[in-house]
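Below you'll find the structure, written out as structure tokens, and then a few comments.
Only the coordinates and a few stated rules stand behind these numbers; no lab work does. Every value quoted in this text rests on a predicted model; they were computed, and no experiment measured them. Here Cβ is always computed from backbone atoms with ideal geometry, including for glycine, and neighbour counts include all displayed protein chains.
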Amino acid sequence: GIRDSSVTGVQTCALPISLLIDATYYERLHGLARAAARRNADSDLLAEVERARVVSAAEIPESVVNIGSLVTYEDQDSGDRTTVRLVFPEDADIAAGKVSVATPIGTALLGLSIGQTMPWRTRAGDVRRLAVVDVRPPGRG
């Protein structure tokens, strides 16, 4: 379930979701997460990467968000739907719909499956919830 973190006052996921990460990207993601944690104590990427189950690319179902996936998610507060491609920071381009895995929304999306929801914190510090509606694997979409 969801628990309230006394440290941040933000609701965080208490590990109910089985998070899968592609072994191809694990070392790079872990390094990126460590760097993000050093720069910003509020970064959730390190916790997400460290709790993930690392599997081969072939073991990741097409319905799971991976680097390169085209993802449609719904903001549970507003009902707005957005489609983005999850990328590494150097490939990010908001105008082109490419969202960095190092951003709060990118961190929240990584490893989720269609139908799963996750709280995430905006850069302004507000907590919102997103639900994954559709995932197209890298190279398809």
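Computing FRET efficiency as 1/(1 + (r/R0)^6) for Arg136 and Gln76, where r is the C-beta to C-beta distance and R0 is 22 Å, gives about 0.55. Each residue, Ala47 and Asp91, gets one label point 7 Å from its Cα in the Cβ direction; the gap between the two is 2.7 nm.
Which number do you get for Rg(Cα) / (2.2 N^0.38 Å) in segment 57-125?
With N residues counted in segment 57-125, Rg over 2.2 N^0.38 Å equals 1.07.
Given Cα positions, please report Rg to Rh for segment 26-95, the hydrodynamic radius being the Kirkwood one.
0.99
Using a ≥ b ≥ c from the Cα gyration tensor of segment 17-141 (square roots of the eigenvalues), is it rounded, prolate or oblate, where a/c under 1.5 gives rounded and otherwise the larger of a/b and b/c decides, a/b for prolate? Judged from the Cα gyration tensor, segment 17-141 comes out rounded (a/c under 1.5).
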